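S.K.: Could you have a look at this structure, given as structure tokens, before my questions?
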Amino acid sequence: MEQALRWRLRQDTRRRRHNHYNHNPSSGDTERQHLSLAGTELNCAGGSTPWGSWLSCEECFHRRGKRRNIVREQPHGYVFEVPANEAGLVTPRPITAMGRFEHEAAAVHEASGIVYMTEDKHQSLLYRYIPHVPGKLHEGGRLQALAVTDRPSLSTHNWSRAAPIRVGEPLPTYWIDIDDVDSNRDDLRLRGASLGAARFARGEGLCAAGDELFFVCSIGGASWAGQVFAYRTSPSEGTEQTRAAWRADSHRRGHEALAPAQCRQHHYGPLGRPDGL
């Protein structure tokens, strides 16, 4: 999409702002730039959307009030959307239904409009947000966390020699509904894990490529050098058709839900290059 090639967002997380600029790839010139988002805190990777906006993710969790000589008028730990066609500052409206936690990156599965999100914590989860209306994230939706079939609360860190998962091994997965997603207790990942969600070693970058998503865990693996995971979506990802299949299969497997998707792990080579991709 031509528009997506001509605009980018630059972040200045120290000053809690985003800069928006239009770049002409033919001439190499910056044609226009302006401040686009302010009032947020520690914005990290985020991600673009197919409908022409940027999702800015706060990698922090702070309550309203004064702490260490910093007075916060609003709570933090949210996702914000910045339309590409805005000519100035946008109103910082947190998308609370997407969860309050230490967000890292976001990526949209274009076929379904589902947004996937990583979390930068030592015991983090992989989340997905199924909006009621694709492309209208502020209109609400359902937040879920990834789980591995028959292996509840699986730690994927592979920090020990007896690694629980092998590189390249496909793992059948399902998704768990998360309630009270705007909790003030910073416990979303803990509650998700207690329900059976898989745990990851600091989720970082995330991107979508057709019907697959790839995400990085920065301190996974026996040497803590990092991991790359690939998640393959199902043909009916996030739909009632898939949920009905989950429910039918749950009586046999004893699980609340089972999706016909798979997650597999790759690892970094000696030079920090992801093997197997």
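Values in this text are rule-based calculations from the coordinates and carry no lab data. Since we're looking at a predicted model, the values are computed, not measured.
S.K.: Return the long-range amide H neighbours of Gly141 (sequence gap of 5 or more, or a different chain), with a cut-off of under 5 Å between placed amide H atoms.
M.R.: Placed amide hydrogens put His132 under 5 Å from Gly141.
S.K.: I would also like to ask the following. Please report the projected area of segment 125-199's Cα convex hull averaged over all directions, in nm².
M.R.: The directionally averaged projection comes out at 6.3 nm².
S.K.: A further question follows. Using alpha carbons only, how many angstrom separate the centre of segment 161-222 from the centre of segment 89-126?
M.R.: 13
S.K.: Now for a separate question. Go through segment 83-96 residue by residue and turn each phi into a ³J(HN,Hα) via Karplus (6.51, -1.76, 1.60, θ = phi - 60°); whole Hz please, and just put x for glycine and proline.
M.R.: Couplings: x, 6, 8, 6, 9, x, 4, 9, 5, x, 9, x, 8, 5 Hz.
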